[in-house]
Amino acid sequence: MAGNMQKEANPLLVLGALEMRDRLANGSLRAVDLAQAYLARIAEVDPEVQAWAWLDSEDVLRQAKALDAHRASGRPTGPLHGLPVALKDIIDTRRIPTENGTAIDAGRVPGEDAFVVQRLRAAGAIIMGKTVSTELAFLHPGKTRNPHNSEHTPGGSSSGSAAAVAALMVPLAIGTQTGGSVTRPAAYCGVVGFKPTFGAIPRTGVLAQSPSLDTLGVFARTIEDAALLSEVLFGHDPADRATEPMPPPRLLKTALSRPPVKPMFAFARLPGWDQADAQTHMAMKELTEALGEQCFEALLPNAFDEASEIRERINFAEMAKCYYSYERRAPELLSQVMQQAMDAGKAIPARDYIAALDWPDVLYAGLSEIFGRCDALLAPSAPGPAPKGLESTGSSIFNGLWTLCGTPTITIPLLESENGLPMGVQLIGRRGDDARLLRTARWLALQIAAVDAKEQAHV
């Protein structure tokens, strides 16, 4: 499937979600026709990609027909009317299996929708199905393959969501990130992955692995499409103490707007920079040189060298508590990597865990001087393209520190490796400045696209 996914697909599926939305709204496209096109695409490519954990074609068409009837009645339509959205299989869906990537939850069918699913239904989205998650959203891989090369990992833990969008099986998808589970698979699969500010999207009804870190995120093929979906999901839920009352976000309008001045970027050699391969080093060098005076190199405070260890300490300690019921019910069904992490979590002294909870604000304070001089930090999304082999989901060394800090991040597929696999560029913004980050990222994507077009014209 490498390289030719868009050329081989139904032209309808290559459209952006925004254009699909507009066609659905004005009646030039029916939800049933769009749903059928995606179902045909899934039948064609999913036997190789294996992105879906649960899919019911009849249910998808039933939703689409109801949405077409709703529009034909003249009643108002929602911002996602008729758009299919895939959900990582750790997000509860009423009357639809949610098995959390583990045999222990085989056959589990929730009685209520998660908060985000309620938002999607109210916005008129089609719940397309459930996408593969790694085991309990941790490191043990699922069945999904990278759409660009099935011998390479799609990343994790939101592997199915990223692969489904990349393979044009769905225009939009939702995942989660506790370390690098949105950013990394998005980069490996060549799509946009947006992880908002911690607490921006309520997590009620989503599997809890590490409540101090767990963050919902989205996958799309463009930045504006990611903004469209995210805007529907942002909000306050009293059941999730990480959320706060806030005015409705204007993510899409801001993302589509032109920055008042050209954005400034700060390139950061993140901890683990020596783990990045030579082509990543070279690609980032070329990108920063292309930005010229709009980019400067920033040094992160020394405390960031400990961020990976601190994040893991919080993650493992909270996972040992949150997943205790799984360990109690069927420890023999847990992978070795899960059992080892649980054992490590149980061995962490309470003093060390409580002290680790102070670090996000300490680290974030250390970024204030850098953020005072730039619109976004600039860094690789991963140490390289998707590694060959399916035993690992790759390294999240460049992602976990931002999950720990609670900052919004977005990865955009601006680069390509020597073997033709996509490589992502990661932008990091201030907490709560999600809309500005989306606008800055879109500006950068348009600039690079213009440069590429100019180079192609001279070939």
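Quick notes on this structure:
- Considering residues of region 249-268 that are in a loop (DSSP other than H, G, I, E, B) and touching an Asp or Glu at 6+ places or on another chain (Cβ under 8 Å) only, the residue surrounded by the fewest Cβ atoms within 10 Å (Cβ to Cβ): ARG250
- Region 271-314, residues that are in contact with a helix residue (DSSP H, G or I) (Cβ under 7 Å, 6 or more places away or on another chain), within 30 Å of MET342 (Cβ to Cβ) and in contact (Cβ under 8 Å) with a residue 60 or more places away in the chain: PRO271, ALA303, PHE304, ALA307, SER308, ILE310, ARG311, ILE314
- Pairs, first over 15 Å from LEU15 (Cβ atoms) in region 225-238, second in a loop (DSSP other than H, G, I, E, B) and of a type in the set (Ser, Thr, Tyr), C-beta under 7 Å, six or more apart: HIS236/THR243; ASP237/THR204; ASP237/THR243
- In region 409-428, residue nearest to THR197 (Cα to Cα) [restricted to those that are over 18 Å from the mean Cα position of the chain (by Cα) and among the polar types (S, T, N, Q)]: SER417
- Total residues in region 208-233, condition in contact with a strand residue (DSSP E or B) (Cβ under 8 Å, 6 or more places away or on another chain) and either closer than 14 Å to VAL117 by Cα or among the charged types (D, E, K, R) (or both): 9
- Within region 321-351, the set of residues being exposed (fewer than 12 other Cβ atoms within 10 Å of the Cβ) and either within 29 Å of the chain's Cα centre (by Cα) or closer than 30 Å to ILE428 by Cα (or both) comprises SER325, GLN336.
- Filtering region 72-106 to residues that are assigned to a loop (DSSP other than H, G, I, E, B), touching a residue at least 24 places away in the same chain (Cβ under 8 Å) and under 28 Å from LEU29 (Cβ atoms) leaves THR77, GLY78, PRO79, LEU80, HIS81, GLY82, LEU83.
- Residue check for GLY111: surrounded by fewer than 24 Cβ atoms within 10 Å (Cβ to Cβ) and over 25 Å from VAL337 (Cβ atoms): yes
- Subset of region 10-44 (residues that are in contact with a helix residue (DSSP H, G or I) (Cβ under 6 Å, 6 or more places away or on another chain) and over 21 Å from ARG62 (Cα atoms)): ASN10, VAL14, GLY16, LEU18
- Any hit, region 269-278, residues being closer than 18 Å to ALA441 by Cβ and either surrounded by fewer than 18 Cβ atoms within 10 Å (Cβ to Cβ) or not assigned by TED's automatic domain parsing to the domain that holds SER368 (or both): no
- Of the residues examined, LEU377 is not one that is touching an Asp or Glu at 6+ places or on another chain (Cβ under 9 Å) and within 28 Å of ASP214 (Cβ to Cβ).
- Within region 406-443, the set of residues being in a helix (DSSP H, G or I) and surrounded by fewer than 24 Cβ atoms within 10 Å (Cβ to Cβ) comprises ALA435, ARG436, TRP443.
- Residues that are in contact with a His (Cβ under 8 Å, 6 or more places away or on another chain), small (Gly, Ala, Ser) and either surrounded by 16 or more Cβ atoms within 10 Å (Cβ to Cβ) or not in a helix (DSSP H, G or I) (or both) do not occur anywhere in region 50-67.
The values are calculated or read from the model by the stated rules, or taken from the named source; none is laboratory data. Keep in mind it's a predicted model, so treat the numbers as computed, not measured. Every residue, glycine as well, gets a Cβ built from its backbone with ideal geometry; the counts of neighbours run over all protein chains shown.
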